[in-house]
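Below is one structure, written out as structure tokens, with a few remarks after it.
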Amino acid sequence: MTASPRVVIIGAGIVGTNLADELSSRGWNNITVVEQGPLELAGGSTSHAPGLVFQNNGSKTMTEFATYTVNKLLSLTKDGQSCFNQVGGLELATTPERLADLKRKMGVMTSWGVESRIIDADECEKIYPLLNTGKLTGGREVLGGLLIPTDGLALAARAVQLLIERTRERGVNYLGYTTVTGIAREGGKVTGVETSTGVVPADIVVSCAGFWGRELGKMVGLEVPLLPLAHQYVVTTPLPELEGVNELPKGASKPILRYQDKDLYYREWGDSIGIGSYAHRPMPVDMSALPEVPADEMSDHRMPSRLDFTLEDFLPAWEDTRDLLPALRNADIQDGFNGIFSFTPDGGPLIGEHPDLTGFFVAEAVWVTHSSGVAKAVAELLVEGRSRTDLHGTELTRFEKVQTSDSYVSETSQQNFVEIYDVLHPLQPRKSPRDLRVSPFNVRQKELGAFFLESAGWERPHWFEANRPLLEELPEEWRAPEREEWANMFHSPISAAEAWKTRTAVGLYDMTPLKRLQVVGPGAEALLHRLSTGNITKKPGAVTYCLLLEHDGGIRSDVTVARLEQEKFQLGVNSNVDFDYLRVEARKQSEADPAQWAHVTDITGSTCCIGLWGPLAREVIGKLSSDDLSNDGLRYFRTKEISVGGIPVSAWRLSYVGELGWELYTTAEYGLKLWDLLFEAGQEFGIVAGGRGAFNSMRLEKGYRLWGTDMTSEHHPYESGLGFSIAKDKTGFVGAESLAERKEQPATRVLRCLTVDYGTSVVLGKEPVYVGGEAVGYVTSAAYGFTVHKPIAYAWLPASVGIGDAVEIEYFGKRVAATVSAEPLVDPGMERIRG
Ligand code: FAD
Ligand code: THG
């Protein structure tokens, strides 16, 4: 047997034990799990988790994690009993908004391949006889529900014990009562963990420490952006109605239940009911004040993750519960506690390697629901170098530095706790903190009445009220029909006017939030050559659109690479994950060969960018610059340094909206002046400031993909319609070998452009697509195409569905007719953009 790397897993909760299992089942044979508590009841969140598993999630990745957990725990059996009780899951609606949202969620579940159905109030009662189907206080009533038959209850504590048992048989070593006190390292790599009983050597350390994750991170200078919060859980006294129904003391036979309109969830617990509440104030936990329980005194009722029950916080939830489940009016609270778990700024888990300490991994802020799936992904990451499930929404490094600060993590995580069961529109921005990152044009944008949404901390205008008068002049063929309710939220008809002006005159777009990196050094070319699919070895002045791939050919990101000087490149990338990837790869390259050093810097905040686009863009800039910006003076996908009204600007001839013009970069201090000069010079040409609403519509018309939404690491370039971005005859880059194989295989699925047949239905994204009555794919991005006068939706579909075929998109439970269209819808001949 070949020896695998030495792995130490910190924490024997549901995540750590699942990881030991996933690694050992892949043949890794040198694994130690270190747990501060007793292994029989470690005392973390898992030790008291009621184990509800709702697979429903807006994220495909999270649903995949949950479904994997369900199936794995179902198959984890002993003495004829599995670790999953598949009682089904029921989400109730007591408002029309919630019912509509459940229909939307049903669509998402279909998209992700999980069966679900909407049921009416009568069926809800039939399935869950304890429900009050009369009037609830406030006049509401149960209107229906979303039933997911494969949901249910994870027997988490039992699963942990069975996983320990089975992995021990495979040779995994468990050290209970052993606290990790530090991480040993040398030369930027982990070498072991320091514990209360000595050092355990390791090549790889995975912190699965749950809500202790931030403390573990501090040992290695890593800000782990999670917040420990307390959450109330109660078990009632027995109900006569349930007597004898469930054999086991903590058994259940009825579906797990969510009453989201009141932030509550329920499960049967023998002949009692277990109640979980998010209806209370957020209760951040002071880690220095955890209950000190000597390990040998740990019990169901005494453990570090269990704080005293604060009855006053539960009283409103108790009222609402007795309203919904009248049988509980005769019951009391038998047991209650404030249990501790982790929340994060965006609600997602934290998975990945410490960018500055090789071999230190994190798998934290993970629910029982997703635990086996996350463990599988981490095991794949370690064993194969890459998870088969797309991890971009769960990457440890997805946050900007400012988003990992104590104050940001605390505020946003608490807000997530409060909003966890709210009906949230996909575009709904956080309320606070806002104005965290603003571009130099922000003051002008505010003067123009910008409506801002937030992304990665940036304020981004979606439209400008100042453009409203243009609606009076808007030609008939640019007018968009009225939208349905959800599609109309965070949307303004003004976007039509901004698109119209951009396509017929000229628009000014704030591109500052697009992350920019500078790569310098004698090894810069080699680095980018190795990591990208593009031919970036061209002479200075060239800009290349290309991809960063995983080893297996999955798309890690799509980027633009401008060669500014021989040893100086600037990149437009998608997120902080790209920055950390390039930064780490540059460091490794420099270490391997100091002569080939390369340095990667994030220059986003110190610079800014304006997109000046439209058929009259050249007229506008011509008034301010004597540089040759003619077609030959600066060709498509070329860059040069120019002067605009005396301001040094780097002009890149490209456009994500598909119009003639440039991305104009300058350093932050000149930004406002540049904006003012362009806006002033553009007045006679009808210039408008344009927002993301118009921008997104135009980029879809042009067929430009948005990484993370249209394609992810799950997809390879050919099926994504991005085969053109792989340089001809280029070899030796990351992913090249698997691409060469894939190129030979016919694609089974393809990213397609759909147009909706009836103009009023603008879908949102993630809706299932039906062909011949069967759900076969799902929508990625969608927008109304103002130029083409139709709603557009990009969707993943089987390759057998061809251009011209009729399909249906399910939107809030209704089927909308659409047609697979040839793309791009606008300017396929590139006359406008090259004009
Ligand atoms: P844990 O179980 O906390 O394991 C981490 C382990 O690391 C602990 O055992 C700890 O002792 C150990 N550790 C920490 N620091 C060190 C150190 N320095 N040295 C050695 N060991 C260390 N999730 C669901 O999916 N469904 C639910 O219905 C559900 N209900 C919940 C109800 C309540 C009241 C609470 C509080 C949580 C609930 N959760 C639920 C969340 C769920 O319990 C957790 O997300 C999950 O158990 C986390 O598992 P874990 O393995 O990451 O963490
Ligand atoms: N601008 C810059 N960098 C970026 C983006 C951007 N990086 C991230 C993201 N956006 C990348 N996405 C795209 C998508 C399409 C194009 C540019 C960036 C694009 N595509 C041409 C096309 O498909 O016709 C490429 C043509 C070619 O390769 O010659 O322009 O917005 N700076």
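Only the coordinates and a few stated rules stand behind these numbers; no lab work does. Just so it is clear, the model here is predicted, and its values are computed rather than measured. Methodologically, a virtual Cβ is constructed for each residue, glycine included, from the backbone with ideal geometry; neighbour enumeration extends over all protein chains shown.
In the frame of its principal axes, the stretch 1-127 has Cα extents of 57, 29, 28 Å, reported largest first. In summary, the convex hull built on the alpha carbon positions of the chain has an orientation-averaged projected area of 35.6 nm².
Near Lys766, the amide H atoms lying under 5 Å from its own belong to Val779, Thr780; only residues 5 or more places off or on other chains count, and H is placed 1.01 Å from N.
Based on every Cα atom in the stretch 263-380, Rg and the maximum pairwise Cα distance Dmax equal 18.0, 58 Å. Sparse packing (at most 13 other Cβ atoms within 10 Å of the Cβ) combined with a DSSP loop state is found for none of the chymotrypsin sites (Phe, Trp or Tyr not before Pro) in the stretch 9-95. Within the stretch 472-622, all pairs of alpha-carbon atoms sorted by distance into 10 Å bins from zero give the percentages 10, 29, 26, 19, 12, 3, 0. For the listed residue pairs Lys189/Lys218; Lys401/Lys568; Lys254/Lys376, the alpha carbons are over 19 angstrom apart in Lys401/Lys568; Lys254/Lys376.
According to the square roots a ≥ b ≥ c of the eigenvalues of the Cα gyration tensor, what is the shape class of the stretch 498-573, taking rounded for a/c under 1.5, prolate for a/b larger than b/c otherwise, and oblate for the remainder? Here the stretch 498-573 falls in the prolate category.
The overall shape of the stretch 764-827 is oblate: from the C-alpha gyration tensor, with semi-axes ordered a ≥ b ≥ c, the ratio a/c is 1.5 or greater and a/b is no larger than b/c. Scoring 548-556, 672-680 by mean Cβ neighbours within 10 Å over their residues and listing the highest first yields 548-556, 672-680.
Averaged over residues, the count of other Cβ atoms within 10 Å places the peptides 478-491, 685-698 in the sequence 685-698, 478-491, highest first. If you take all other residues with their beta carbon under 11 Å from the beta carbon of Glu454, and give Lys and Arg +1 and Asp and Glu -1, the sum is +3. Residue ranges 283-289, 515-521 sort as 515-521, 283-289 when ordered by packing (mean number of other C-beta atoms within 10 Å per residue, highest first). For Lys376, Lys538, the sequence from fewest to most other C-beta atoms within 10 Å is Lys538, Lys376. Amide hydrogen proximity for Val206: with H placed 1.01 Å from N in the peptide plane, the residues at 5 or more positions away or on another chain lying under 5 Å are Val8, Ile9, Ile10, Phe361.
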